[in-house]
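As structure tokens, the structure follows; a few thoughts come after it.
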Amino acid sequence: MNFYCAAFEFQKSNVVLTGVPYDGTSSFRPGSRFAPDAIREASYGIESYSPYQKKDLRDKKICDLGNIPLSFGDKQLNLDIIETFVDKLIKKRKRFIFMGGEHLVSYPIIKSFKKKYKNLTVIQLDAHSDLIDSYRGERFSHATVMKRAAEIVGFENLYQLGIRSLNSTDTLLPYRDEKMQLFSLSNAEKFIKDIGKKPVYVTLDLDVLDTSVFPGTGTPEPGGVSYKELLECMLLFSALNIVGIDVVELSPHYDTSGISSITAASIIRELILL
Ligand SMILES: [Mn+2]
């Protein structure tokens, strides 16, 4: 099953969706490997037209490549498979949207984008900083992913929004400054000008949303933003030169109502139309 309206071949498309169904390091509630297919299914429950952007999915050339075929259990092998896949994919200049999976999948994707775009900037929307150096002995985990990503792109090129859960051992302190300290989504306005036309990769951990809006996630954190706040923030990103996006950490089976999957599908519709 493709995402709704994603009926174009790769060659003829402008926007490319790819599922990355990996959740091997989920520390609390696993299950995000089921997210890409849950999002596709839920996409048929929403309309193709965005009243916020006054644009329609039906007017876009969207390709859904399906899911990257991953192994089971072998983390390093999976990270290598993802990186190799993305290396090949981004040789073509298109807008790429990846559907996780847990947040660790962002690491090989960002690594790949950094090889292509030397001055890559990363914007992270997330409840958690994900800047811990190692989690229970693992250097590569969904709890450490942004530390590993920042080591590649440079901490000065990482902008975080929505953070409300930090670990005392995480590595925020060495580069704490105005940009990094203010996590309110409204701060996006402040740094969008600084970023200018540099290539930007957006990693959207859906647990940035409040638990009442989005219970279907592995490590829910109360006190998050509303759908509309997130949407307003994403609409600001239309001023940026976005080269890639991932949407991670939907864990559909923890939300029996299915609203979380529908919310994720709706967000992806808006990101396609951006
Ligand atoms: Mn995260």
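FYI, it's all coordinate maths here, none of it is from the lab. This one's a predicted model, so the numbers in the text were calculated from it and none came from an experiment. Heads up, the Cβs are rebuilt from the backbone with ideal geometry, glycines too, and the neighbour counts pull from every protein chain shown.
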*What is the distance in Å between the Cα centres of the range 18-76 and the range 220-274?*
11 Å
*Placing +1 at every Lys and Arg Cβ and -1 at every Asp and Glu Cβ, with all other atoms neutral, what dipole size does the range 15-273 have around its Cα centre, in debye to the nearest 20?*
1220 debye
*Of Lys12/Lys193; Lys54/Lys88; Lys12/Lys147; Lys61/Lys88, which sit over 29 Å apart, Cα to Cα?*
Lys12/Lys193; Lys54/Lys88; Lys12/Lys147
_Taking the number of other C-beta atoms within 10 Å as the exposure measure, put Leu250, Leu17, Leu271, Leu158 in order starting with the fewest._
Leu271, Leu158, Leu17, Leu250
*Taking only C-alpha pairs under 8 Å that are 6+ residues apart, what is the relative contact order of the chain in percent?*
24 percent
*asked:* Taking 8 Å as the Cα distance limit and 6 or more residues as the minimum spacing, I'd like the relative contact order of the range 51-145 as a percentage.
replied: 22 percent
*What is the distance, in nm, between label points placed 7 Å from the Cα along the Cα-to-Cβ direction at Lys92 and at Tyr254?*
3.5 nm
_Across Lys115/Lys198; Lys91/Lys111; Lys75/Lys118, pairs whose alpha-carbon gap is larger than 21 Å_ = Lys75/Lys118
